[in-house]
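J.: To start, I am sharing the structure in question, which I have written as structure tokens.
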Amino acid sequence: MVTSEDEQHSSEAGKESQEYNHSIKEMSEALEIQKKIFGRHHQSVTKSLHSLALEYKTQERYETSVQCLREALCILDERLDKLVKQVQEEMEMQISDLEHEESSKYNIIKENASKITMAYMRHLLEEKSVMFACLGNMYKGRKMYKEAMDNYLLSLGMLVEADFSGQSPRVSMMVRIMKRAEQERKALEHSTLT
């Protein structure tokens with residue numbers, strides 16, 4: 001038998017779902033406007049994609065959330081590639097002379113760029129770190145520990161590329177998050193064995 005309290009709870013849940021859907025609709029519309037006005041590579045686009053991903057995560061729409069984060073990461077990679085090319089042009093270098101590893105591309109900037117360009121590169125790498133950490137948290141919440149750890153390692157790698165020291169709060173935080181994820185994985189593994 002359905003009580004009035006059940007009906008009220010159901011009604012409140014429906015209103016909350018409508019609010020989330022309305023919020024997502026507004027955020028998606030704002031994102032499209034940002035892309036039209038500023039272009040796909042503007043920093044507001046990646047920040048909006050990140051916010052949209054968090055909103056989808058709140059609704060447990062994980063695949064869509066992951067898509068938003070992957071799009072943001074793709075845009076950040078494109079921005080970093082553009083930065084590398086700019087530095088190469090300034091230094092009249094050819095990328096074909098270098099290995100095509102991520103770290104070698106970033107080293108071009110580290111070794112040859114101005115302080116402003118270096119700061120921008122660090123900002124982009126830090127932003128990538130945040131996106132990877134967010135992906136890791138999403139996978140960890142779904143008990144997909146391998147995927148979580150893979151993304152946490154990528155997040156940590158971006159911080160290292162951005163020259164964060166091992167003692168920095170960001171690096172320390174990522175290490176703590178990784179340790180907790182590993183403890184949770186082990187606890188889950190142990191509970192399934194017993």
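J.: Give me the net charge for the shell around GLU182: Cβ to Cβ below 15 angstrom, other residues only, Lys and Arg +1, Asp and Glu -1.
T.: Taking every Cβ under 15 Å from that of GLU182, the sum is +4.
J.: What is the percent carbon and sulfur in the accessible area of the stretch 127-194, measuring with a 1.4 Å probe over the protein chains and ignoring ligands?
T.: Values: 2260 of 3750 Å².
Taking all protein chains in place, the stretch 127-194 shows 60 percent carbon and sulfur surface.
J.: Would you mind computing the Rg to Rh ratio of the stretch 103-194 from its alpha-carbon coordinates, Kirkwood style for Rh? Please report the intermediate quantities before stating the final value.
T.: On the way: Rg = 15.7 Å, Rh = 14.2 Å.
Radius of gyration over Kirkwood radius for the stretch 103-194 works out to 1.11.
J.: Ranked from highest to lowest mean number of other Cβ atoms within 10 Å per residue, what is the order of the peptides 47-60, 166-179? Don't skip to the end; give the middle numbers.
T.: Details: 47-60: 18.2, 166-179: 13.8.
Result, highest mean Cβ count within 10 Å first: 47-60, 166-179.
J.: So what J values fall out for the stretch 179-190 if you push phi through Karplus, 6.51 cos²θ - 1.76 cosθ + 1.60 with θ = phi - 60°, rounded to Hz, Gly and Pro as x?
T.: 4, 4, 4, 5, 5, 4, 4, 5, 5, 5, 4, 5
J.: With the alpha-carbon atoms as the only input, what is the per residue convex hull volume for the stretch 54-93 in Å³?
T.: Considering the Cα atoms of the stretch 54-93, their hull volume per residue is 40 Å³.
J.: Karplus couplings for the stretch 32-44 from phi (6.51 cos²θ - 1.76 cosθ + 1.60, θ = phi - 60°), rounded to Hz, Gly and Pro as x?
T.: Rounded to whole hertz, the list is 4, 5, 4, 4, 5, 7, 9, x, 4, 8, 6, 4, 5.
J.: In the stretch 26-86, carbon and sulfur make up what percent of the accessible area (probe 1.4 Å)? All intermediate terms of the calculation are to be shown ahead of the outcome.
T.: Values: 1670 of 3290 Å².
Looking at the stretch 26-86 in its full context, I get 51 percent from C and S.
The values are calculated or read from the model by the stated rules, or taken from the named source; none is laboratory data. Here the structure is a predicted model, which is why all the values come from computation and not from measurement. Counting neighbours? That spans all protein chains shown, and the Cβs are built from the backbone with ideal geometry, glycine included. Heads up: the accessible areas ignore ligands, DNA and RNA and are worked out on the full protein's heavy atoms, side chains in. Shrake-Rupley method; radii C 1.70, N 1.55, O 1.52, S 1.80 Å.
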